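> First the structure, which I've put down as C-alpha cells, then a few questions once you've had a look.
The values are calculated or read from the model by the stated rules, or taken from the named source; none is laboratory data. Since we're looking at a predicted model, the values are computed, not measured. Here the Cβ is made from the backbone with ideal geometry for all residues, glycine too, and neighbour counts use every protein chain on show. Each accessible area value is taken on the protein alone, full model and side chains, heavy atoms only, with ligands, DNA and RNA left out. Shrake-Rupley method; radii C 1.70, N 1.55, O 1.52, S 1.80 Å.
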Amino acid sequence: MIATPHDVQHPLIDEALTIRNVINEIVDSARLAMLRALRDLATPTTQTDIANHIDLSRQAVSPYLAGLQDHGFVRCSDSGAELTAGGKLLLEEMEKCLYSITDEQLSSVTRSAHPLILLQELTKSPYRLRDLQTTASNLPSKATIRRTLTEFVQYEWLEEDAGQYRITAVGSDALQAYSELSTVVEQLIKKIPWLQRLPLDAATVPVEALAEADLSVSNPRSPASALLTCLDLYDPHIHKFRCMCSVYNPVLFHAYHGLLKLGIESEAILDWPTYEKAADNSRTHYAVESERYDHYQPLVLEESQTMGIGIYDNRKVAIAAYNEAGDGNHIAMIQSSDDRLVGWGIELYESFRAKARPTSKIHSE
C-alpha cells in the first residue's frame with residue numbers, strides 16, 4: 001500500500017500536484033457535491049441549477065466549476081456544465097472509497113501528510129506514543145501525534161492496549177481504500193487529455209490499468225503526434241486488424257491500405273462523414289468497398305463519432321478521442337498491450353459494431 005505523499009504533473013495546467021491535496025480539495029469543499037449534482041441533474045446544467053441543488057450561492061459555484069474545468073473534470077459551454085469522462089470516473093472512484101471511509105474521515109486524513117504516514121507506520125508493528133516520533137523525520141509534535149491517534153481510535157482504525165497502538169482491520173481497510181483512490185486519481189490526472197475527450201458512455205475504462213498505457217496528444221505545438229503514433233503502430237506481421245475510424249485522413253488510409261494488400265484479415269467501421277469522404281475520393285474508395293478484398297469487411301455507422309479504435313490481433317489496442325465529431329482536431333490517444341485495456345477496447349469496438357451496417361447494404365439502397 002502507498003500512503004506517502006507524491007506529486008504528479010498535471011498536463012493541462014502544467015503544474016505539479018500532490019495527490020493527497022487533490023483528494024482533499026475535492027472532499028473538503030463543495031467540489032464533491034458539485035460533481036454529484038452534475039451527475040444527478042440534466043446534462044448540461046446551469047450554474048443556477050447546481051447552486052439550488054447543493055444549497056450554495058451561484059457566486060460560490062462559479063470558481064469551483066472553473067477549477068474543475070481547468071483540471072479537465074468538467075466541461076462548460078454556453079448551454080451549461082457537464083461532467084467529462086474523467087470527472088465521471090473521478091466521482092465513481094471517490095464514491096467507492098467513501099464506502100470504507102466517511103467524507104469527514106477522508107477530509108481529516110488528507111489535510112496534511114502526517115495522518116497517513118502514521119497510519120502507514122502502524123501497519124508495520126504496534127507502537128507506543130513516545131516511539132512514533134522516531135519512526136519518520138517528518139512527523140509532527142508529540143501533542144499532534146497524540147491528537148491524531150485519539151482520532152484514529154474514535155474512527156476504530158486503531159486500538160490502544162497498555163499504551164501501545166495497534167491498527168485494526170477497519171484501519172487497514174481504510175488505508176487500502178485511500179491507497180487505491182490515490183493510485184486511480186494519479187492516473188486520471190496523467191491521462192486527463194484523453195479522458196476529457198472520451199465520450200461519457202465510454203467512461204467504463206479500467207482506470208487502474210491506465211498505468212500500463214502510453215499517451216499521445218496532438219495539439220497546436222505538435223499537431224501530428226497522434227498521427228505519427230498511429231503510423232508507428234502499423235504492423236504487417238499481425239494476423240487480424242479491426243478499427244473504427246471517425247476522422248478522414250488520407251495519409252493514414254494509405255498506410256493501412258498496406259494491410260489489405262498483404263492479405264491480412266481486416267474489418268473497418270467508418271462513421272458517416274468519414275464514409276462519405278472515403279467514398280468520394282478514388283484513392284480511398286477501397287475503404288468502403290466490400291467486393292475488392294475477400295478478407296476485408298467495411299461497415300458504416302450512420303451517426304458521426306468522436307472516437308477511433310484500433311485492435312491489433314487481440315494483443316494491442318489504441319483508443320483515440322477527438323474534440324469534435326469529424327474534424328479530429330487535438331486528438332488524444334492511448335495505446336496498450338495490457339490485457340484489461342485490450343479487453344475493454346474489444347468490448348467497446350463490439351458495441352459500435354452491433355450498431356453498424358455493411359457498406360454493401362448502403363450501396364444497394
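> Right, TRP194: closer than 17 Å to LEU116 by Cα, aromatic (Phe, Trp, Tyr) and out of contact with any Asp or Glu (no Cβ under 6 Å at 6 or more places or on another chain) or not?
In short, no.
> Restricting to the stretch 211-225, what's the tally of residues that are part of a loop (DSSP other than H, G, I, E, B) and either over 12 Å from ALA318 (Cβ atoms) or among the β-branched types (Val, Ile, Thr) (or both)?
Within the stretch 211-225, residues that are part of a loop (DSSP other than H, G, I, E, B) and either over 12 Å from ALA318 (Cβ atoms) or among the β-branched types (Val, Ile, Thr) (or both) number 5.
> I would also like to ask the following. Could you list, ordered by first residue, the pairs with Cβ atoms under 6 Å in which the first is in the stretch 173-197 and outside any helix (DSSP H, G or I) and the second is among the hydrophobic types (A, V, I, L, M, F, W, C) and crowded, with 21+ Cβ neighbours inside 10 Å, at least 6 apart or interchain?
LYS191/LEU210; ARG197/ALA321; ARG197/ALA332
> Given THR48, THR18, which one is touching a strand residue (DSSP E or B) at 6+ places or on another chain (Cβ under 9 Å) and open to solvent by 20 Å² or more (accessible area, probe 1.4 Å)?
On inspection, the qualifying residue turns out to be THR18.
> Which of the residues belonging to the stretch 50-89 are among the basic types (Lys, Arg) and within 24 Å of THR18 (Cβ to Cβ)?
LYS88
> Does the stretch 53-70 hold any residues that are in contact with a helix residue (DSSP H, G or I) (Cβ under 7 Å, 6 or more places away or on another chain) and touching a residue at least 24 places away in the same chain (Cβ under 8 Å), and which are they?
Within the stretch 53-70, ILE54, VAL61, TYR64, LEU65, LEU68 qualify.
> To continue, here is another question. Identify the residue in the stretch 198-210 that is of a type in the set (A, V, I, L, M, F, W, C) and assigned to a helix (DSSP H, G or I) and, among all such residues, is most open to solvent (accessible area, probe 1.4 Å).
That would be LEU200.
The rows are residues; the columns are (1) in a loop (DSSP other than H, G, I, E, B); (2) of a type in the set (Gly, Ala, Ser); (3) touching a residue at least 12 places away in the same chain (Cβ under 8 Å).
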residue: ALA268; (1), (2), (3): no, yes, yes
residue: LYS277; (1), (2), (3): no, no, yes
residue: SER282; (1), (2), (3): yes, yes, no
residue: GLN297; (1), (2), (3): no, no, yes
residue: SER304; (1), (2), (3): yes, yes, yes
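> Looking at (1) touching a strand residue (DSSP E or B) at 6+ places or on another chain (Cβ under 6 Å); (2) modelled with pLDDT of 95 or more; (3) within 29 Å of PRO115 (Cβ to Cβ), which one does LEU38 not meet, given that it meets all the others?
(3)
> Could you count how many residues in the stretch 213-237 are more than 17 Å from ASN323 (Cβ to Cβ) and open to solvent by 60 Å² or more (accessible area, probe 1.4 Å)?
Here the count works out to 5.
> For a quick check of your reading of the model, give me the residue pairs whose first member lies in the stretch 226-238 and is touching a residue at least 12 places away in the same chain (Cβ under 8 Å) and assigned to a helix (DSSP H, G or I), whose second is open to solvent by less than 60 Å² (accessible area, probe 1.4 Å) and of a type outside the set (Ser, Thr, Tyr), with beta-carbon atoms closer than 6 Å and at least 6 apart or on different chains.
Pairs found: ALA226/ILE331; ALA226/MET333; CYS230/LEU252; LEU231/ALA255; LEU233/ALA318.
> Taking LEU41 as meeting all but one of (1) in contact with an Asp or Glu (Cβ under 9 Å, 6 or more places away or on another chain); (2) under 22 Å from GLU180 (Cβ atoms), write down the number of the exception.
LEU41 satisfies every listed condition except (2).
> Residue check: is SER62 at pLDDT below 95 and open to solvent by 60 Å² or more (accessible area, probe 1.4 Å)?
For SER62, the condition - at pLDDT below 95 and open to solvent by 60 Å² or more (accessible area, probe 1.4 Å) - is not met.
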